[in-house]
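Have a look at the structure below, then the notes.
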Amino acid sequence: MTIIPFSPAHQPGVVALILPIQQQEFGIDINLERQPDLLDIPGFYRQGAGNFWVALDGEEVVGSISVLDIGNGQGALRKMFVHQDHRGSQGQVAKALLDTLLHWCRDQGITEIFLGTTDRFLAAHRFYEKQGFSQLPKAQLPARFPVMAVDSRFYRRLTAAQ
């Protein structure tokens, strides 16, 4: 498994990873048209200190993560997904993706990461909390944080080791 920055050749694999997790695994009413960022990943995520990475098993996209630069040394963690066959402590795909993002953020001067997630992603909640994220009320999010319609639970973490 390798983690590399997104390239346009990965776009079909990213969509094939994310949509089934959202729609079939978790029953979220969302489609590609309501996620225009997935149709222009470089244009959406590679602004300022933002970036997008994929985890590859051979040539197959098995994970994704991104940071959206929201200014003031803050970033929004977005599109963190890991294929069902690569989850858990054995593969460490999620941790490797998050470590890549945190290292990038520190190098780019992003000191705080915020994220929003649905209340349905229970394993994700446990993962984020184990990785040093603290839950916070929606009202405490930065003004520029992009709240998605499905987001109902929010977290914050400093990029430096806690």
Q. Would a scan of the range 68-75 turn up a residue that is exposed (fewer than 14 other Cβ atoms within 10 Å of the Cβ) and under 15 Å from I21 (Cβ atoms)?
A. no
Q: Would you confirm whether any residue within the range 34-50 is open to solvent by 40 Å² or more (accessible area, probe 1.4 Å), in contact (Cβ under 8 Å) with a residue 12 or more places away in the chain and within 12 Å of the chain's Cα centre (by Cα)?
A: no
(Q) Please go through the range 126-140 and give me each residue that is assigned to a helix (DSSP H, G or I) and under 10 Å from L98 (Cβ atoms), ordered by number. (A) F127, Y128
Q: Give just the number: which of (1) more than 20 Å from I3 (Cα to Cα); (2) under 14 Å from the mean Cα position of the chain (by Cα); (3) crowded, with 21+ Cβ neighbours inside 10 Å does V93 not satisfy?
A: (1)
**Q.** Leading residue by the ranking (nearest to L98 (Cα to Cα)) among those in the range 1-14 that are in contact (Cβ under 8 Å) with a residue 24 or more places away in the chain, open to solvent by 30 Å² or more (accessible area, probe 1.4 Å) and among the aliphatic types (A, V, I, L, M)
**A.** I3
Q: Mind listing just one residue for me: the one in the range 102-125 that is at pLDDT below 95 and not aliphatic (A, V, I, L, M) and, of those, farthest from R156 (Cα to Cα)?
A: R120
Q: Tell me which residues, restricted to the range 15-33, are surrounded by 11 or more Cβ atoms within 10 Å (Cβ to Cβ) and touching a residue at least 60 places away in the same chain (Cβ under 8 Å).
A: L17, I18, I21, F26, I28, I30
Q) When S64 is evaluated against the numbered criteria (1) modelled with pLDDT of 95 or more; (2) farther than 21 Å from R144 by Cβ; (3) open to solvent by 70 Å² or more (accessible area, probe 1.4 Å); (4) among the polar types (S, T, N, Q), which criterion, by number, is the only one it fails? A) (3)
Q. Out of (1) aliphatic (A, V, I, L, M); (2) assigned to a loop (DSSP other than H, G, I, E, B); (3) touching a strand residue (DSSP E or B) at 6+ places or on another chain (Cβ under 6 Å), the odd one out for A149 is which?
A. (3)
Q. Is it true that P146 is open to solvent by less than 70 Å² (accessible area, probe 1.4 Å), closer than 22 Å to I18 by Cβ and touching a residue at least 12 places away in the same chain (Cβ under 8 Å)?
A. yes
Q. Out of curiosity, is A160 open to solvent by 10 Å² or more (accessible area, probe 1.4 Å) and among the small types (G, A, S)?
A. yes
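The values are calculated or read from the model by the stated rules, or taken from the named source; none is laboratory data. These numbers were taken from a predicted model, which means no experiment stands behind them. We place every Cβ from the backbone using ideal geometry, glycine too, and count neighbours over all the protein chains shown. Side chains are part of the model used for accessible areas, which takes the heavy atoms of the whole protein and leaves out ligands, DNA and RNA. Shrake-Rupley method; radii C 1.70, N 1.55, O 1.52, S 1.80 Å.
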